[in-house]
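The values are calculated or read from the model by the stated rules, or taken from the named source; none is laboratory data. In this text, all values refer to a predicted model and were calculated from it rather than measured experimentally. Here the Cβ is made from the backbone with ideal geometry for all residues, glycine too, and neighbour counts use every protein chain on show. Heavy atoms of the whole protein, side chains included, go into the accessibility calculation; ligands, DNA and RNA do not. Shrake-Rupley method; radii C 1.70, N 1.55, O 1.52, S 1.80 Å.
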Amino acid sequence: MKTIIEPFRIKSVEPIRMTNRAERLVYLENAHYNLFALDSEHVIIDLLTDSGTSSMSANQWAAIMRGDESYAGSPSYDKFKKAVNHLMPFTHIIPTHQGRAAEKILFTIIGGPGKYILNNTHFDTTRANIEYTGATAVDLVIEEGKNPSLYHPFKGNMDIAKLEAFIKEKGVENIPMVMLTITNNSGGGQPVSMQNIQETKYICMKYGIPLFIDACRFAENAWFIKQREPGYAEVPVETIVQEMFSYADGCTMSAKKDALVNIGGWLAMNDSTWAEAARNLLILTEGFPTYGGLAGRDLEAMAVGLEEVVQEDYLHYRISSTQYLGEHLTKAGIPIVTPAGGHAIYIDARNMLPHIGPLKYPGQSLAIEMYLHAGIRACEIGTVMFGAQADGTEKAAPMDLVRLAIPRRVYTQSHIDYVIEALTEINANKAQLSGYQISWQPKQLRHFSARFEPIKNEAKRKEAFKNAFAEAEK
Ligand SMILES: *Cc1c(COP(=O)(O)O)cnc(C)c1O
């Protein structure tokens, strides 16, 4: 059979409220054209993020009822630890409320001024937690990984030559850790090959530097290895996952991704000295080491989620449905980052809307039109997110993308067909789309709360921008 069906039936449904364009225009104006400010009830298809938006299975909901809420020594922790250890053989498994809490603890221990943490590409919260300690976060992804239209099977790979050169230049004593983010979220959800994990480990061993994995999408990465890397087609995904982690000395994890739950995470490692320091910090910020900022029931749901996420029927459907969206958008003539990543499709809005310059936010313009036209919410990843400079000016980000992140087990093929139809229609009338200007913005992370308005008078756009920033300075 060619049709890949959702490998689940639906037992409990969550209604979607339909809206029309006139209603959506009102919601959008009230939200000052910022999609983060919309009520989610006013969204028909929500592709803002794949983080914490998964549907849990009947087995996970059953496990929720089995959660033991004892303060210390809960059997739910044992189940959680056993499930993690089945895939990731680390000695110390420290639960946290989400991924960034694990990062905060880890970098508090190993970071600090003068230190460098090397990664294929740091995720935003990872970078922020490293920089907060005064250390420097360095991205060393292969050159192919930076070219959106180029095909490469493992665009998330670490550049091994650059890695070694960097270690030699800055000195082993200043590099407490090398990391690999799998899949590479900030680089478009692109996978890292097993060979690259091995080569990274080889360099780390040569210089005596620990290798940690930012493991958020480990199962999706393993599926790509099975599909694309010679020698793995017949290897079970579980075995691939076990091999991936066998090369690492620890990991950070956001369970909101590949543990199929709505909240949770962990920090894992073999080093007992670091683990002791981590548990001491955990007690300050998260809680006792057998629950770490979570309820016993959350630990149970993660344990079941970890069994389900490596099932091959699930991964086949998961990665195929993302690819299905990518292929149909390409057929409709919409430029996307290729190849399709695991958890999201990224539309190249700058390329799609060449009549809207980067400082008029083509990504924001497309995301707004997707909402107005069909009630679809996506996320601009471009000049709105990265363009603001410390001195109050702005410049074009390297790319203007719109990310369509696919929640796990939430939408069916007809929902995705609806997205394809909407984008095809928008593409046919794309000359009608126009740019936006910012009428108010905060000093930092402006994409979450900035206010926008359609550009009415080009001559006044720059002046309006200056005023928007001056307002925030007050
Ligand atoms: C989501 C994510 C994180 C942070 O996890 P949270 O649970 O959101 O705190 C870290 N790294 C990567 C690659 C992620 O995708």
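General remarks:
- Between the C-alpha center of the stretch 178-198 and that of the stretch 388-403 there is a gap of 25 Å.
- Once the Cα-Cα distance is subtracted from the 0.36 nm per residue extended length, the THR393 to ASP271 segment shows a gain of 39.4 nm.
- Of all lysines in the structure, the ones whose alpha carbon falls short of 16 Å from that of LYS206, not counting any fewer than 8 places away in one chain, are LYS162, LYS168, LYS170.
- Evaluated at q = 0.08 Å⁻¹: base-10 log I(q)/I(0), Debye formula over Cα of the stretch 58-308: -0.29
- Label-reachable residues, the stretch 32-59, where backbone N falls under 16 Å from a point 7 Å from ASP313's Cα toward its Cβ: 57-59
- Debye-sum result for the chain in log10 I(q)/I(0), which assumes one identical scatterer on each alpha carbon, at q = 0.08 Å⁻¹: -0.49
- With all protein chains in place and ligands, DNA and RNA left out, the 1.4 Å accessible area ranks GLU169, GLU453 as GLU169, GLU453, largest first.
- Take the Cα of SER40, step 7 Å toward its Cβ, do the same at TYR132, and the gap between the two points is 2.3 nm.
- Spread over its residues, the convex hull of the C-alpha atoms of the stretch 1-73 is 200 Å³ per residue.
- Size estimate for the stretch 300-405 follows the Kirkwood approach: the inverse of mean 1/r over distinct Cα pairs works out to 15.4 Å.
- The gain in end-to-end length when the SER414 to VAL172 segment is fully stretched comes to 81.9 nm, 0.36 nm per residue minus the alpha carbon separation.
- Projected label points at MET205 and VAL235, each 7 Å from Cα along the beta carbon direction, are separated by 1.5 nanometres.
- Using the Stokes-Einstein relation with a Kirkwood hydrodynamic radius computed over Cα pairs, the translational diffusion coefficient of the stretch 1-147 at 37 °C and a viscosity of 0.692 mPa s comes to 160 µm²/s.
- Hits among lysines - C-alpha to C-alpha of LYS256 under 20 Å, sequence gap 8 or more where chains match: LYS79, LYS81, LYS82, LYS104
- With a simple spin-label model that places each label point 7 Å from the Cα along the Cα-to-Cβ direction, the separation between GLU458 and LYS331 comes to 3.8 nm.
- For GLN437, residues with placed amide H under 5 Å, excluding near neighbours: GLU453, ILE455
- Between PHE288 and GLY293, the built amide H atoms are under 5 Å apart, and every one of these is 5 or more places off in sequence or on another chain.
- Rounded to the nearest whole Hz, the Karplus-based 3J(HN,Hα) values (6.51 cos²θ - 1.76 cosθ + 1.60, θ = phi - 60°) of the stretch 313-328 follow the sequence 4, 5, 5, 4, 4, 4, 6, 5, 6, 5, 5, 4, 4, x, 4, 5, with x at glycine and proline.
- Pairwise Cα separations in the stretch 79-132 fall into 5 Å bins from 0 onward with the following percentages, short to long: 4, 18, 22, 20, 18, 13, 4, 1.
- Taking only the alpha carbons of the stretch 262-341, we obtain Rg and Dmax values of 19.5, 55 Å in that order.
- Other-chain or far-sequence residues with amide H under 5 Å of LEU267's (modelled H): ILE94, THR96
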